[in-house]
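Trainee: The structure that follows is given in the form of structure tokens.
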Amino acid sequence: MTIIVAGKLLLKAGMREEFIEKSIPAILLARQNKACVDFSVSPDSVDANRVNIFEQWTTEEALTKFRDSGPESDTLSMVEVVDIKEFTL
């Protein structure tokens, strides 16, 4: 089984670099998980207030456990629009 989480976040003006920096602990934690194939938070090439999200997991259980135990941060306060979808292949 493969679970893909992909999409975009539109951030408050000027918050992209701080958002990415504060995302690093979660990225590192996810990548240490054996069920995590990939986890990325990337700046968009055109929109200065957008980051692109991509995750690939081998099990729904691992993804759920990660979401429930990930590091705390105040990154959600920087987000204006969430457009992320989850796909099971």
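What follows draws every value from the coordinates through simple rules; no lab data is involved. If you're wondering where the values come from, they're calculated on a predicted model, not measured in any experiment. Neighbour counts run over all protein chains shown; Cβ positions are idealised from the backbone, glycine included.
Trainee: What's the exposure ranking of Ser69, Ser42, going from fewest to most Cβ atoms within 10 Å? Intermediate results must be reported in sequence, preceding the final value.
Mentor: Values: Ser69 8, Ser42 12.
Neighbour counts put them in this order, fewest first: Ser69, Ser42.
Trainee: Select from the range 1-80 those GluC sites (Glu not before Pro) which occupy a DSSP coil region and have at most 15 other Cβ atoms within 10 Å, ordered by residue number. Can you show the working numbers first?
Mentor: Values: sites: Glu17, Glu18, Glu21, Glu55, Glu60, Glu61, Glu72, Glu80; in loops: Glu72.
Counting only loop positions with at most 15 other Cβ atoms within 10 Å, the GluC sites (Glu not before Pro) in the range 1-80 are Glu72.
Trainee: If you fit an axis through the alpha-carbon atoms of helix 16-32 and take the longest principal axis of the Cα set of the chain, what angle between them do you get, 0 to 90°, nearest 10?
Mentor: 10 degrees
Trainee: Which of the listed residues, Ala26, Thr58, Ile84, is farthest toward the dipole's positive end in the chain, when Lys, Arg count +1 and Asp, Glu count -1 at the beta-carbon?
Mentor: So the residue furthest toward the plus end is Thr58.
Trainee: For the range 76-89, just list the computed ³J(HN,Hα) in residue order, Karplus coefficients 6.51, -1.76 and 1.60, θ = phi - 60°, integers in Hz, with x standing in for Gly and Pro.
Mentor: 4, 5, 8, 8, 9, 9, 10, 9, 10, 10, 10, 10, 10, 10
Trainee: Check cross-link reach from Lys65 to the aspartates and glutamates: straight Cα distance under 15 Å, and skip same-chain residues fewer than eight apart.
Mentor: Of all the aspartates and glutamates, those that pass the test against Lys65 - Cα under 15 Å, at least 8 places apart if same chain - are Glu55.
Trainee: Now a separate question. Lysines near Lys22 by alpha-carbon distance under 16 Å, same-chain residues fewer than 8 away left out - which ones?
Mentor: Reachable lysines: Lys12.
Trainee: Can you give me the Rg/Rh ratio for the chain, using Cα atoms for both radii and the Kirkwood formula for Rh? Mind dumping the intermediate values first?
Mentor: On the way: Rg = 12.9 Å, Rh = 13.4 Å.
With Rg and the Kirkwood Rh in hand, the quotient comes to 0.96.
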